[in-house]
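Have a look at the structure below, then the notes.
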Amino acid sequence: MIDTVKTLLFRSDGSVVVHECRRCGATLESADDVCPACDTEDVASFEIR
């Protein structure tokens, strides 16, 4: 989670990519991860500018 906060605070291009589990809504470090909360691979990625 600390890495996610650092990514949000220190991005140079002004955009942020957030990866969330579609099943339970947990935030993940990358889109390739399996959700640690519910063990699914169904991850959505959103770019926020």
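The values are calculated or read from the model by the stated rules, or taken from the named source; none is laboratory data. Just so it is clear, the model here is predicted, and its values are computed rather than measured. So basically every Cβ, Gly included, is an ideal-geometry build from the backbone, and we count neighbours across all protein chains shown.
Among the residues of the stretch 23-49, which ones are of a type in the set (Ser, Thr, Tyr), surrounded by 12 or more Cβ atoms within 10 Å (Cβ to Cβ) and under 9 Å from the mean Cα position of the chain (by Cα)? Step through it out loud before you land on a result.
So the first thing to find is which residues in the stretch 23-49 are of a type in the set (Ser, Thr, Tyr), and the list is 27, 30, 40, 45.
Restricting the remaining residues to those that are surrounded by 12 or more Cβ atoms within 10 Å (Cβ to Cβ) gives 27, 40.
Within the stretch 23-49, just 27 meets the criteria.
Could you tell me whether residue 4 is polar (S, T, N, Q) and modelled with pLDDT under 90?
Values: polar (S, T, N, Q): yes; modelled with pLDDT under 90: yes.
Criteria met by residue 4.
Restricting to the stretch 7-33, give me the number of residues that are modelled with pLDDT of 90 or more and farther than 13 Å from residue 49 by Cα.
At the first step, the residues of the stretch 7-33 found to be modelled with pLDDT of 90 or more are 17-28.
Then drop every residue that is not farther than 13 Å from residue 49 by Cα, which leaves 19-28.
The qualifying residues number 10.
Which ones in the stretch 24-39 are in contact with a strand residue (DSSP E or B) (Cβ under 6 Å, 6 or more places away or on another chain) and of a type in the set (Val, Ile, Thr)?
Across the stretch 24-39, the qualifying residue is only 27.
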